[in-house]
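The values are calculated or read from the model by the stated rules, or taken from the named source; none is laboratory data. Source: prediction; values computed, not measured. Cβ atoms come from the backbone with ideal geometry, glycine included; neighbour counts cover every protein chain shown.
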Amino acid sequence: MNRREILQKTLMTAGAAALLKISEHAAQAAEAANASTWRLHGNYFEACSCETVCPCIFESAPSHGDCNVIYAWTVRTGHYRDVSLDGLNVALAARADGHMQQVKWLAALYIDSKATPDQYAALESIFTGKAGGHPAALASFFERFIGVRQVPISFEGEGKKRSVDIPGVLKATIKAIVGQKGGETTIVGQPLGLAPGEPLVAAKSDEVVLKDYEWNWKFSGRAGGYSPFTYQSA
């Protein structure tokens with residue numbers, strides 16, 4: 001083999017190595033992008049101890065000086081990386097001992113017992129704010145999570161009624177407030193909204209009962225609401 005052939009072979013080998021390295025970097029970038037990609041779409045529920053309509057969503061103080069609130073989501077379609085989250089439910093209880101933007105809240109997260117270990121890890125990451133997106137904005141209000149539990153959660157919706165149930169822990173039922181000409185009463189563009197871009201159907205609670213950790217809540221005839229929601233990674 002002459003010097004020219006040796007040089008050509010060397011250049012070809014170096015070129016192949018460079019292409020391989022580029023390919024490896026591309027694969028790593030794609031994997032990183034995939035790892036941070038998630039999206040959820042479904043139905044959202046809220047019920048709190050404030051009078052209707054909750055002043056907290058308009059950046060005002062709670063009706064009675066503090067606010068106990070239940071948030072819940074049923075995921076119609078969703079994924080985290082390559083893990084499907086279709087059909088799973090999540091609930092979150094939170095307490096703010098004052099103006100929600102001036103104090104840190106305590107929160108407790110409940111994840112559907114139907115979730116596999118991979119699904120549980122995905123939902124825990126999303127709804128504790130670790131995975132970014134809108135849930136991270138909510139979690140920024142919290143001092144801490146006092147617990148994360150995996151429990152049976154049912155989320156029901158029929159007509160103008162919505163309910164969330166965790167046996168032995170939570171029972172919450174709300175009904176939409178009838179608006180003009182029998183239609184829905186909706187709230188749009190509120191500063192503190194848990195379903196961005198979606199009108200919130202204003203509702204009142206028939207019953208909200210929560211018994212868990214140090215909390216023992218029971219109220220009715222207070223603020224509530226529901227809407228579709230879509231969350232995704234930033």
Inside the stretch 127-161, can you point out the residues that are farther than 22 Å from Asn68 by Cα and surrounded by 14 or more Cβ atoms within 10 Å (Cβ to Cβ)? Ala131, Gly132, Gly133, Lys160
Residue in the stretch 37-65 that is farthest from Gln119 (Cα to Cα), counting only those that are among the hydrophobic types (A, V, I, L, M, F, W, C) and not in a loop (DSSP other than H, G, I, E, B): Phe58
Criterion first (under 20 Å from Val53 (Cα atoms), surrounded by 16 or more Cβ atoms within 10 Å (Cβ to Cβ), at pLDDT 95 or above and under 18 Å from the mean Cα position of the chain (by Cα)) does Leu200 satisfy it? yes
What pairs come up if the first residue lies in the stretch 90-101 and is outside any strand (DSSP E or B), the second is of a type in the set (Asp, Glu), and their beta carbons are under 7 Å apart, counting only those six or more places apart or on different chains? Asp97/Asp66; Gly98/Asp66; Gln101/Glu59
Scan of the stretch 165-191 for residues that are farther than 15 Å from Lys218 by Cα, touching a residue at least 40 places away in the same chain (Cβ under 8 Å) and part of a loop (DSSP other than H, G, I, E, B), ordered by number: Ile177, Gln190, Pro191
Name the residue that is farthest from Lys204 (Cα to Cα), counting only residues in the stretch 152-164 that are touching a strand residue (DSSP E or B) at 6+ places or on another chain (Cβ under 6 Å) and outside any strand (DSSP E or B). Ile153
From Ile174, Ile153, Ile126, Ile166, residue being modelled with pLDDT of 95 or more and touching a helix residue (DSSP H, G or I) at 6+ places or on another chain (Cβ under 6 Å): Ile126
Does Gly87 qualify as being under 18 Å from the mean Cα position of the chain (by Cα) and free of Cβ contacts under 8 Å to residues at least 40 places away in the same chain? yes
If a residue must be among the charged types (D, E, K, R), farther than 30 Å from Arg222 by Cα and in a strand (DSSP E or B), how many such residues does the stretch 66-86 contain? 0
